[in-house]
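Q: This structure is in structure tokens; I'll ask about it shortly.
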Amino acid sequence: MILNQEILESFDWARNSIPQRSNFLVITGEPLFTNPIQEWFYPLTKSNSINTYQGTEWLPNYYKNVTLSLLLQDCKFKTISCLDEWKGLNPVSYEYIYLYDGKVPTLGLGEITGSQSLSESLKQSEQFVLIYQSDNVKIFSKSSDKE
């Protein structure tokens with residue numbers, strides 16, 4: 001995956017439309033160490049990706065956090081209940097979800113598609129509101145009356 005124009009435009013929108021230092025879950029379906037969206041999210045949006053761990057190898061719980069990040073990326077292909085289960089393992093606070101809906105390249109296996117279930121599940125949920133949408137990127141905000 002590369003940071004194409006669509007992704008850069010979504011970063012620009014987030015930087016200009018959402019308060020800086022807001023907390024995001026960044027879900028792309030791609031593994032942590034080959035995920036440029038996660039790696040570049042903070043520098044280009046000035047918001048926190050609470051599930052990005054590049055550069056934290058020396059901090060406590062690094063391997064646990066990497067495992068949790070991988071579990072979260074798998075939620076792309078599931079429903080909102082996956083996010084609830086993940087939050088049970090990692091009780092962090094976030095206000096937004098950045099969801100990359102595009103194809104994810106896999107090592108030697110072609111491409112994986114299909115975040116429709118999470119995307120549709122978030123759209124149908126009363127917990128989240130779709131605030132930005134392009135062909136492959138969706139940004140959701142938590143509803144104001146929900147944690």
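Q: Which order do the peptides 124-130, 72-78 take when ranked by the mean count of other beta-carbon atoms within 10 Å per residue, highest first?
A: Output ranking for 124-130, 72-78: 72-78, 124-130.
Q: How long are the three semi-axes of the equivalent ellipsoid for region 15-61, computed from the Cα gyration tensor as the root of 5 times each eigenvalue, in whole Å, largest first?
A: Working: eigenvalues 72, 34, 16 Å².
They are 19, 13, 9 Å, listed from largest to smallest.
Q: Using alpha carbons only, what's the Rg to Rh ratio of the chain with Rh from Kirkwood?
A: The Rg/Rh ratio comes out at 0.93.
Q: Next up: Taking springs between alpha-carbon atoms closer than 10 angstrom, which of N23, N51, N61 fluctuates most in the Gaussian network model of the chain?
A: N61
Q: Using Cα pairs under 8 angstrom and six or more residues apart, how large is the relative contact order of region 5-142, in percent?
A: Relative contact order here is 26 percent.
Q: Right, next: Which whole-number percent of Cα pairs in region 1-80 have a distance greater than 14 Å?
A: 62
Q: Only helical DSSP H runs with n ≥ 4 go in: add -39500 (n - 2.57) per run for the chain, normalise by residue count and round the 222 nm mean residue ellipticity to 500 deg cm²/dmol.
A: -11500 deg cm²/dmol
Q: Report the extension gain between D12 and E95 in nm, rounded to one decimal, defined as 0.36 nm multiplied by the number of residues separating them, less their alpha carbon distance.
A: Contour length minus Cα-Cα distance gives 28.1 nm.
Q: Could you tell me which residue out of N48, L3, P60 lies farthest along the dipole of the chain toward its positive end? Charges go on the beta carbon: Lys and Arg +1, Asp and Glu -1, centred on the Cα centre.
A: Among N48, L3, P60, the one farthest towards the positive end of the dipole of the chain is P60.
Q: I would also like to ask the following. List Y98, Y62 from most exposed to least, where exposure is judged by having the fewest other Cβ atoms within 10 Å.
A: If I rank by nearby Cβ atoms, fewest first, I get Y62, Y98.
Readers should treat all values here as calculations from the given coordinates under stated rules, not as data from a laboratory. Because the structure is a prediction, the values reported are computed rather than measured. So basically every Cβ, Gly included, is an ideal-geometry build from the backbone, and we count neighbours across all protein chains shown.
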